C-alpha cells in the first residue's frame, strides 16, 4: 500500500512541479519591452559581442590547387621539370588528360627526368627512350596528345588498361609499370609526398 501511495504522489506532484518551474522561469526572464526600455533609459546595454556583427573581415577565394601540387611534388623530387609546371598543366588541360598521369609516367620511366637520355626531353620512355623532343613544351604537348588520342580515346584510361600498349614487357612481369604509375598518381592525389 505504501508503494501505491508513493506512485500516486509522484504522478500528481511531478506535473505540478514542472508547471510551477516553468512559471517561475517565465517570470524571471526579462521581456523584450522591458529590455528595450532599460537600454533607452539607462544609456547603454553591454554585451560580450562587438557592436558590428556579421562583417566579413577577409576575402574568401578559390583557386586551382594543381599548380601548387605539381610544383611541390617536382621540387621535392628535384626534378628538372619543376620550372615548367605551367607548361605541363597547359598541355594536360589542352588535351583533357589527367596531369597526374603525365607526372606519374615521368616518375616511373625516368625518375622525373633525372634519368632520361641527355638533350632528348623524353622523360616518358617514348619509343624506349629513342624519341627526341625539341623542347619541354613540345614534349608535354606530344605526350598529352598521344595519351589522349592513342589511349584515353580508345578506352584505355587506367594504368592497368594503358600498360599492355604503353609498356608491354611489364605485363609479362606481373604489371610493375601499372603499379608504379598508380602509386605516383595516388601520391599526387593525396599529397603523400
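Could you put 148, 76 in order, starting from the residue whose Cβ has the fewest other Cβ atoms within 10 Å?
76, 148
In nm, give the distance between the simple-model label positions of residue 66 and residue 96, each being 7 Å from the Cα along the Cα-to-Cβ direction.
1.3 nm
Can you give the Rg to Rh ratio for the range 66-190, taking only C-alpha atoms and Rh from Kirkwood?
Answer for the range 66-190: 0.93.
Can you sort 123, 108 from fewest to most other Cβ atoms within 10 Å of each residue's own Cβ?
108, 123
Residue 190 to residue 16: extension gain in nm, 0.36 nm per residue of separation minus the Cα-Cα distance?
Between residue 190 and residue 16, full extension yields an extra 56.6 nm.
At 7 Å along the Cα-to-beta-carbon direction for both residue 75 and residue 27, put a label point, then send me their distance in nm to one decimal.
Result for the modelled spin labels: 6.9 nm.
Would any residue of the range 79-106 have its amide N under 12 Å from a label point 7 Å out along Cα→Cβ of residue 135? List them or say none.
Flagged as within label range: 87.
Every number here is computed from the coordinates shown, using simple stated rules; none is lab data. Everything quoted here is computed from the prediction, not taken from an experiment. A quick note on method: Cβ atoms are made from the backbone with ideal geometry, for glycine too, and the neighbour counts reach across all protein chains shown.
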